[in-house]
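**Q** Handing you this structure, nothing more for now.
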Amino acid sequence: MPNITSVTNPAPGQDSNTYRSPITPNDTQIKNIPDPTRVSRTDARTDRQDTASTDVARRYDSYFQSFLQSLRSSGTVTDLLAQFLIARPGTLVTSGMTAGISQELAQFLQMLQVGPEELLDLLKGELSTSGRFTGPLFNTLRQAMRQNPSPGLQNSILQFLKTYNDFSSTPHIEQNLLRSIRQMSWFMPQRFSEPLSDQLSQLENLIGQGNRAGALSLLQNTLVPYMGDYVSKMHDRGIARSLLSLVILDIARYANGSPQNLLQSFYQLLGYSALKQEFGNLSSSELLKLLQDNASSFQETNHAVSDQLAQLSSRALRGDGGADLRQTFQALVDSVLVNQSVYMPLAHAMLPVEMNGRMMFSELWVDPEAEKESGREGSEKCMRLLLKFDVQDLGLFDLILTYRDDTVDVSLHCPPHLERFSDLFAQKMESLAEKEGLHAASIRASPMARPLTISEVFPKIFERKDSINVTI
């Protein structure tokens, strides 16, 4: 019997088979269990590993670091969508792709075929998706913040915006609630799923009737206790508990976005003179109608491309398009969700189109309250935009445009192999400015040394701490 515990002296000549070196207390190759109550000796752990490292070893010490590590390995939105649009037209019929998603994919690609006139309408529609907080109401709030930038007013406005966001997202929240509860019934045994389906039918009827209070009461007093009871009794710590967490989050938003909470948060703003002069004479019904009309104008905006892409992504992630299409859309959705532009005070739009037989993916950032560069006629407010567009077979272009009082400054950075066309690009842009009645203060085109970053074009948003740093 082998002496696997090494309790006796090894026999001569068999050291390599039975003898094991004892573990010493100071062995740095042993990775200690984290204990925040005491300071332990150094070992081979990676707790101090830099989050910007490109190391691909599995992070066992932090779920968040593992999450960041997986994000670093994914591509950017521009690269992923450009590759998909350029490669997909010739491979619409692939193994594992159902007829339904193949037709939707064909419709999506057909929607992207536009001319110059349709491109402008498409761009306006996509920019309107970031215009939830637009209109006379929010212009007045911005003006009040400039006149009185006090912490109290800022907190009151932020609380109102949070409530207004939940109020204007009511249809979306209701769809999320119904979908999450329906999905939870799929993963339950029949004796649990049947009562839940009956409760779901009651909820659908209340939502269809517009009975928000009744739907909220059913959710809080019946559905959530029932689903929580199931998770507790069946010890289901997987999909069921995750779906229950999503339902609770949506219920919190649904309750916060009620008309009563919206009016209450808005009445707090009327305590400030600048807003009381503008809205103080309106009754509660008039105020509510004003807020409802503002929310309805955003919901009725045409978001054809983004809606079709979201629907296509949903079907692809369910596996309708096969493994290759699912992986493509999984990477695309991951990149969109962690795009740092989501957390910036800039109007942001992504626009994939096909013009003149070439696929093009464009990404646009607009700062309507930018400042002029130092040393150039003071620091008056102006509008600045950054346009990145990747054209099939041509390459990536960067365009910076600054506008103020019918005067524009334009700088185009083109791919190096198109340097010989720089003068032609500048002439074309100057003629376009004159055609639109704009004075061209400076128009130039030059080869691109490297792609521009957002912080280079909009440095003020980082100096003012107006954004959240989510750079991976």
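The values are calculated or read from the model by the stated rules, or taken from the named source; none is laboratory data. Keep in mind that what you see is a predicted model, and the values were worked out from it rather than measured. Virtual Cβ from ideal backbone geometry, glycine too; neighbours counted across all protein chains shown. Quick note on the areas: whole protein, heavy atoms, side chains included, nothing else; ligands and nucleic acids left out. Shrake-Rupley method; radii C 1.70, N 1.55, O 1.52, S 1.80 Å.
**Q** For the pairs Lys388/Lys428; Lys162/Lys276; Lys162/Lys233, note any where the Cα-Cα span goes beyond 28 Å. Can you show the working numbers first?
**A** On the way: Lys388/Lys428 18 Å; Lys162/Lys276 20 Å; Lys162/Lys233 36 Å.
Beyond 28 Å between Cα atoms: Lys162/Lys233.
**Q** Between Ser242 and Asn148, 0.36 nm times their residue separation minus their Cα-Cα distance comes to what? The partial results should precede the final answer.
**A** Details: separation 94, 0.36 × 94 = 33.84 nm, distance 4.33 nm.
29.5 nm is the gain from fully extending Ser242 to Asn148.
**Q** Related question: If you count only protein heavy atoms with a 1.4 Å probe, what accessible area per residue comes out for segment 399-448, rounded to a whole Å²? Working shown, then result.
**A** Values: 3070 Å² over 50 residues.
Per-residue value: 61 Å².
**Q** Express the accessible area of segment 230-301 per residue in Å², computed with a 1.4 Å probe while the remaining protein chains stay in the model.
**A** Numbers: 4110 Å² over 72 residues.
Per residue, segment 230-301 has 57 Å² of solvent-accessible surface.
**Q** Determine, for each peptide in 242-254, 278-290, the mean count of other beta carbons within 10 angstrom over its residues, then list the peptides with the highest first. Could the numbers behind the result be given before it?
**A** Numbers: 242-254: 17.7, 278-290: 12.8.
Order by mean packing, descending: 242-254, 278-290.
**Q** Right, here's the next one. Give me Rg over Rh for segment 160-242, both radii from the alpha carbons and Rh done the Kirkwood way, two decimal places.
**A** Details: Rg = 13.7 Å, Rh = 13.6 Å.
On the Cα set of segment 160-242, Rg over Rh gives 1.01.
**Q** Could you sort the peptides 152-161, 447-456, 359-368 by per-residue average Cβ neighbour count (10 Å cutoff), highest mean leading?
**A** Working: 152-161: 15.7, 447-456: 12.8, 359-368: 20.4.
Packing proxy ranking, top to bottom: 359-368, 152-161, 447-456.
**Q** Where the convex hull is taken over the Cα atoms of segment 129-182, what is its projected area averaged over directions, in nm²?
**A** 4.7 nm²
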